[in-house]
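*Asks:* Would you mind keeping the following structure in view while I ask a few things?
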Amino acid sequence: MAVASKERVHDTKPVNPRIKSFKEFFKRLRKNKSALVGFYVLSFLFLVSIFGAIDANYNLLGISSNATSLTEKLEGPSAAHWFGTDHLGRDIFFRILHGMYITLGVGFAATFMGAFVGVPLGILAGYYGGWLDTIVMRVMDVLLAFPGILLALAIVSVLGGSTINVTIAIAIGSLPQFARIVRGSTLTTKKLEYVDAIRALGARDGKIIFQHILPNIMSPIIVNTTLFIASAILSAAGLSFLGLGVQPPTPEWGAMLNDGRNYMYQAGHITFFPGMMIVIVVLAFNLFGDGLRDAIDPKQKQ
Amino acid sequence: MTTFIIRRVLQLIPVLIGVSILVFSLMHLTPGNPAVIMAGESAPEATVQAIEQRLGLNDPLYVQYWNFLTSALQLDFGTSIRDNIPVMSHIQARFFITLELAIYSTIFTVVLGMLAGIVSAVKRYSISDVSLMIVTLFGLSMPNFWLGLMLIQWFSIELGWFAPTGWGNMDQIVLPVIALGTAGAAIVARMTRSSMLDVITQDYIRTARAKGVKERVVIFRHALKNALIPVVTVVGLQFGYLLAGSVLTESVFAINGLGRLIIDSILQRDFPVVQGAVLVIAVTFVFVNLLVDISYRMLNKRVDLN
């Protein structure tokens with residue numbers, strides 16, 4: 001069945017502007033300076049993180065991030081070790097670079113897993129309504145009753161601490177956010193006249209959802225995905241800091257902070273630099289996400 | 001209003017049942033036999049059986065859940081695997097410390113956040129607005145545990161102004177409250193700013209100015225009252241995040257609260273204590289949200305009660 005031309009049936013505008021081309025999107029993004037800064041910082045950090053992901057020993061410039069040195073323990077920042085060394089004499093700068101892929105990887109993986117399940121749940125609940133909507137949203141209400149890091153903490157307490165389990169725990173915690181936002185957008189989109197018209201023309205539910213609803217609710221999904229990565233990174237670092245996430249000697253930043261807090265009196269720099277990096281990464285995601293929202297989803301603008 | 005409150009309370013029932021099922025399942029979703037995990041891999045068979053016996057792990061699941069639910073309703077969460085002390089007395093001793101921490105942090109969050117938000121909105125696009133918004137962006141992006149570590153580094157270790165650990169004295173309270181409350185203050189500041197900006201552009205504010213009301217009165221008496229309504233919701237949510245966030249802050253500052261109890265119990269695989277403490281925080285959060293919803297309706301008379 002051919003879909004009628006947009007002009008004829010479409011007299012109510014979609015709620016969110018559709019992203020028609022990457023070029024147009026980037027043009028709008030470029031107008032927002034802080035978003036651009038976030039974008040460039042993130043691109044740079046991604047490039048850096050590739051080295052860490054492909055080389056377990058992280059042998060960059062001849063210095064390994066895993067090399068311990070008994071003679072260089074707890075040294076402050078110097079020309080040889082930009083961020084100083086930790087309690088085992090490992091170079092903190094290289095450990096941070098090495099650990100970049102874990103921080104970014106867990107943040108992305110957890111968020112995409114959450115979106116992968118949460119978005120369909122939200123669409124189904126919003127599109128079909130009825131008992132399906134009630135059940136899905138009640139379950140989401142239950143998950144929302146565990147504020148912040150508590151749900152992830154409870155899940156990790158069951159699964160045990162590891163990189164994968166932390167990712168799963170944070171992904172489950174993100175479900176209600178995605179489901180709620182997507183459900184809301186689906187509800188408003190499906191009421192638009194052109195969706196009615198397409199249905200009247202005999203289009204199936206699957207076609208309506210994938211070709212007409214999904215493209216129109218993409219902007220809030222993209223914006224919230226970006227912003228959620230920031231909070232996923234914070235949660236993951238928090239769990240590792242508590243010793244319940246990524247386990248040492250993996251150079252995860254939260255775990256490094258946990259290592260360093262026993263040496264705060266002798267060597268405060270161990271706890272300074274990994275945390276500073278977390279701030280930079282999360283800040284970049286927040287800047288980029290805020291900018292994205294302004295560029296592609298102006299309705300949500302604060 | 002009464003109908004609204006009754007309906008809102010009734011809506012809590014399925015949520016609370018769901019919460020109790022989730023917390024109950026924690027122990028049963030563990031890969032392997034929970035009794036073995038709690039006793040330790042190398043524990044003798046008799047110890048494992050004793051734990052199974054005590055927790056009723058051999059009963060059918062629905063019997064176990066029913067027992068869990070009925071005792072939880074009587075505030076009985078069983079006894080700790082480690083020291084045989086009732087879970088409730090563990091929780092009682094620590095709940096009020098965490099509650100205190102969360103309440104002080106909420107006050108800090110609200111006062112600082114609203115002040116910053118009002119200043120930003122009133123002096124829109126000024127240097128103070130721009131710099132406040134940059135500071136709030138940093139506040140949002142900072143892990144509260146790292147901020148805690150930095151505060152200890154600067155104000156306890158280097159300057160010696162505050163105690164680095166513990167809870168109770170004034171010099172022990174200040175740093176944890178700042179560490180825990182800063183992110184929330186940033187959120188409240190941004191919310192207050194945008195809400196104030198919405199209100200300031202409305203007709204009745206222009207009318208008030210036109211009839212010659214002083215700017216200060218316009219801002220505080222006319223604008224603020226309406227601008228704060230949406231902020232109330234955020235504050236309620238923040239209280240929940242502060243309750244949960246105290247897990248990290250308590251760990252940093254070695255505060256003997258509920259959060260630390262959860263962490264210690266997870267590390268020691270003391271599931272009854274984890275279940276009890278998690279349940280208490282979740283239920284507290286659910287009821288705080290109820291209060292927030294009700295006060296939101298009371299404040300905002302324009303909201304349709306249906």
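*Asks:* Quick one: A:Thr225 ticks every box in (1) among the polar types (S, T, N, Q); (2) more than 12 Å from chain B (Cβ to nearest Cβ); (3) more than 28 Å from A:Val106 (Cα to Cα) bar one, so which box is it?
*Replies:* The number of the failed condition is (3).
*Asks:* Checking B:Gly160 against (1) among the small types (Gly, Ala, Ser); (2) closer than 22 Å to B:Ile281 by Cβ; (3) within 14 Å of chain A (Cβ to nearest Cβ), only one condition comes out false. Which one?
*Replies:* B:Gly160 satisfies all of (1) among the small types (Gly, Ala, Ser); (2) closer than 22 Å to B:Ile281 by Cβ; (3) within 14 Å of chain A (Cβ to nearest Cβ) except (2).
*Asks:* Please specify each residue of region A:85-107 satisfying the condition of being hydroxyl-bearing (Ser, Thr, Tyr) and not in a helix (DSSP H, G or I). First the steps, then the outcome.
*Replies:* Looking only at region A:85-107, we keep the residues that are hydroxyl-bearing (Ser, Thr, Tyr), and these are A:85, A:101, A:103.
Result: A:Thr85, single match.
*Asks:* State yes or no: is B:Gln172 polar (S, T, N, Q), surrounded by fewer than 24 Cβ atoms within 10 Å (Cβ to Cβ), at negative phi and more than 10 Å from every other protein chain (Cβ to nearest Cβ)? Spell out how you get there, then give the answer.
*Replies:* Values: polar (S, T, N, Q): yes; surrounded by fewer than 24 Cβ atoms within 10 Å (Cβ to Cβ): yes; at negative phi: yes; more than 10 Å from every other protein chain (Cβ to nearest Cβ): yes.
It is true that B:Gln172 is polar (S, T, N, Q), surrounded by fewer than 24 Cβ atoms within 10 Å (Cβ to Cβ), at negative phi and more than 10 Å from every other protein chain (Cβ to nearest Cβ).
*Asks:* Can you work out which of the residues in region A:136-157 that are among the small types (Gly, Ala, Ser) and within 7 Å of another protein chain (Cβ to nearest Cβ) is nearest to B:Leu267 (Cα to Cα)?
*Replies:* Among them, the one singled out is A:Ser157.
*Asks:* Test A:Leu287 against the criterion of being among the aliphatic types (A, V, I, L, M), in a loop (DSSP other than H, G, I, E, B) and either facing chain B (nearest Cβ under 9 Å) or farther than 22 Å from A:Val158 by Cβ (or both), and give yes or no.
*Replies:* Details: among the aliphatic types (A, V, I, L, M): yes; in a loop (DSSP other than H, G, I, E, B): no; either facing chain B (nearest Cβ under 9 Å) or farther than 22 Å from A:Val158 by Cβ (or both): yes.
In short, no.
*Asks:* Find the residue count for region B:151-169, including only residues that are surrounded by fewer than 18 Cβ atoms within 10 Å (Cβ to Cβ) and either of a type outside the set (A, V, I, L, M) or under 17 Å from B:Gly257 (Cα atoms) (or both).
*Replies:* Step one: filter region B:151-169 for residues surrounded by fewer than 18 Cβ atoms within 10 Å (Cβ to Cβ), giving B:154, B:157-161, B:165-166, B:168-169.
From what is left, the residues that are either of a type outside the set (A, V, I, L, M) or under 17 Å from B:Gly257 (Cα atoms) (or both) are B:154, B:158, B:160-161, B:165-166, B:168-169.
Residues in region B:151-169 being surrounded by fewer than 18 Cβ atoms within 10 Å (Cβ to Cβ) and either of a type outside the set (A, V, I, L, M) or under 17 Å from B:Gly257 (Cα atoms) (or both): 8 in total.
*Asks:* Which residue, of A:Ile123, A:Ile135, is assigned to a helix (DSSP H, G or I) and crowded, with 20+ Cβ neighbours inside 10 Å? Outline the logic, then answer.
*Replies:* On the way: A:Ile135 fails: crowded, with 20+ Cβ neighbours inside 10 Å.
Result of the check over A:Ile123, A:Ile135: A:Ile123.
*Asks:* Is at least one residue of region B:185-194 part of a helix (DSSP H, G or I), away from chain A (no Cβ under 12 Å) and under 28 Å from A:Leu153 (Cα atoms)? First the steps, then the outcome.
*Replies:* Kept after step one, since they are part of a helix (DSSP H, G or I), are these residues of region B:185-194: B:185-194.
The next check asks that each one be away from chain A (no Cβ under 12 Å); those that pass are B:185, B:188.
Narrowing the set further to residues that are under 28 Å from A:Leu153 (Cα atoms) leaves B:185, B:188.
Checked region B:185-194: at least one residue is part of a helix (DSSP H, G or I), away from chain A (no Cβ under 12 Å) and under 28 Å from A:Leu153 (Cα atoms).
*Asks:* While we're here: Looking at A:Lys73, A:Lys23 in this structure, which one is surrounded by fewer than 13 Cβ atoms within 10 Å (Cβ to Cβ) and modelled with pLDDT of 70 or more? So that I can check it myself, show each step before the final result.
*Replies:* Values: A:Lys73 fails: surrounded by fewer than 13 Cβ atoms within 10 Å (Cβ to Cβ).
That would be A:Lys23, the only listed residue that is surrounded by fewer than 13 Cβ atoms within 10 Å (Cβ to Cβ) and modelled with pLDDT of 70 or more.
*Asks:* So which residues in region B:1-38 are more than 14 Å from every other protein chain (Cβ to nearest Cβ) and either hydroxyl-bearing (Ser, Thr, Tyr) or touching a residue at least 40 places away in the same chain (Cβ under 8 Å) (or both), if there are any at all? Can you show your working first?
*Replies:* Let us first name the residues in region B:1-38 that are more than 14 Å from every other protein chain (Cβ to nearest Cβ), namely B:1-7, B:9, B:35.
Correct list: B:Met1, B:Thr2, B:Thr3, B:Phe4, B:Ile5, B:Val9.
*Asks:* Taking the residues in region A:26-39 that are touching a residue at least 24 places away in the same chain (Cβ under 8 Å) and not small (Gly, Ala, Ser) as candidates, determine which candidate is surrounded by the fewest Cβ atoms within 10 Å (Cβ to Cβ).
*Replies:* Filtering region A:26-39 for residues that are touching a residue at least 24 places away in the same chain (Cβ under 8 Å) and not small (Gly, Ala, Ser), the one surrounded by the fewest Cβ atoms within 10 Å (Cβ to Cβ) comes out as A:Lys31.
The values are calculated or read from the model by the stated rules, or taken from the named source; none is laboratory data. What you see is a predicted model; the values in this text were computed from it and never measured. Reconstructed Cβ throughout: ideal geometry from the backbone, glycine too, with neighbour counts over all protein chains shown.
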